[in-house]
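> Provided herewith is a single structure, encoded as structure tokens, for subsequent inquiry.
Since every read-out is calculated from the coordinates, none of them should be taken as a lab result. What you see is a predicted model; the values in this text were computed from it and never measured. Note: ideal-geometry Cβ built from the backbone for every residue, glycine included; neighbour counts use all protein chains shown.
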């Protein structure tokens with residue numbers, strides 16, 4: 001029996017759109033996979049590397065198991081030159097499984113739904129084109145509703161970590177986004193919360209920040225960039 005799945009595509013090396021379209025054709029040609037709809041391609045600023053990214057999403061019908069689908073996507077990535085060398089590094093193509101029906105998978109090689117899909121505009125904007133009314137497993141709300149949380153400005157942000165928030169959010173973040181960030185009480189239900197790993201393991205809309213200051217700064221910087229940067233539809 002086939003089930004609906006959503007994947008995210010992205011890259012910033014070479015002709016990303018052409019590579020992504022070719023990768024989707026490879027998936028469509030795979031027995032047990034059918035590409036039903038593809039979003040527009042969105043352009044976003046990179047985090048931690050050079051070169052703007054193009055991102056898109058696709059809805060598929062799938063007869064493979066989640067791990068079989070992951071394996072097939074990895075094979076397609078390798079075919080088009082993807083080498084996994086680090087966190088958010090330059091790449092010709094990246095294929096991520098965002099959601100597999102209403103399944104929740106917690107495996108060393110695969111987490112479904114994608115753990116950060118709710119907090120990244122460059123994922124949510126294209127996903128909402130192809131599956132806006134699909135429920136996020138675990139959160140129990142649609143992807144359209146998740147995207148709506150990130151649109152209001154200033155973006156409400158709360159802090160419940162052990163480190164003082166002013167020691168983590170400084171300079172680079174404030175210079176780039178100014179008044180788009182507004183600190184609120186930690187219990188605000190509409191806020192993005194930075195918390196300890198122990199709390200994040202129990203929460204739905206929380207992002208873990210470790211006690212290490214430099215690592216916390218990196219996570220907060222990347223998270224707020226992904227939350228606040230508004231993708232735009234790339235020229236066709």
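> Suppose R0 equals 45 Å; then what is the FRET efficiency for residue 182 and residue 3 from their Cβ-Cβ distance, rounded to the nearest 0.05?
So, using R0 = 45 Å, E works out to roughly 0.65.
> Give the relative contact order (percent, whole number) for segment 13-167; include only Cα pairs under 8 Å separated by 6+ residues.
Working: 199 pairs, mean separation 31.2, N = 155.
Here the relative contact order equals 20 percent.
> While we're here: Would you calculate the convex hull of the Cα atoms in the chain and tell me its volume per residue in Å³?
Values: hull volume 29.8 nm³, N = 236.
Expressed per residue, the convex hull around the Cα atoms of the chain is 126 Å³.
> Restricting to Cα atoms and excluding each atom paired with itself, what does the Kirkwood estimate give for segment 152-228 in Å? Intermediate results must be reported in sequence, preceding the final value.
Working: mean 1/r = 0.0807 Å⁻¹.
Its Kirkwood hydrodynamic radius stands at 12.4 Å.
> Something else about it: Per DSSP H run of at least 4 residues, take -39500 (n - 2.57); add these up for the chain, divide by its residues and hand me the 222 nm value, nearest 500 deg cm²/dmol. Don't skip to the end; give the middle numbers.
On the way: 8 runs with 76 residues, N = 236.
When only DSSP H runs of four or more count, the value is -9500 deg cm²/dmol.
> Could you tell me the center-to-center distance, by alpha carbons, between segment 157-236 and segment 53-80 in angstrom?
29 Å
> What percent do you get for the relative contact order of segment 152-228 when only Cα pairs under 8 Å and 6+ apart count?
Working: 106 pairs, mean separation 26.8, N = 77.
Relative contact order, segment 152-228: 35 percent.
> Per the Cauchy relation, a quarter of the hull surface: what is the mean projected area of the convex hull of the alpha carbons in segment 73-190, in nm²? Write down the numbers at each step before the final one.
Values: hull surface 38.5 nm².
Mean orientational projected area (segment 73-190, Cα hull): 9.6 nm².
> Right, another one. If the convex hull of the alpha-carbon atoms of segment 3-141 is projected onto planes in all directions, what is the mean projected area in square nanometres?
Details: hull surface 30.3 nm².
Averaged projected area of segment 3-141's Cα convex hull equals 7.6 nm².
> Next question. Among 20, 11, 178, which one shows the biggest mean-square fluctuation in a GNM of the chain, springs joining Cα atoms closer than 10 Å?
Of 20, 11, 178, the Gaussian network model singles out 178 as fluctuating most.
> Only bridges with both residues in the chain count here: give the DSSP antiparallel percent, nearest 5.
Working: 29 of 38 bridges.
Close to 75 percent.
> Round to the nearest 0.05 the FRET efficiency obtained for residue 65 and residue 22 when R0 = 22 Å and r is the Cβ-Cβ distance.
On the way: r = 25 Å, r/R0 = 1.12.
Step by step, r from the Cβ atoms, then E = 0.35.
> What distance in nm separates the simple spin-label points at residue 214 and residue 196, each placed 7 Å from Cα in the Cβ direction?
Going from the residue 214 label point to the residue 196 one covers 2.4 nm.
> I'd like the distance separating the alpha-carbon centroids of segment 1-28 and segment 91-131, in whole Å.
Measuring centre to centre over Cα atoms gives 13 Å.
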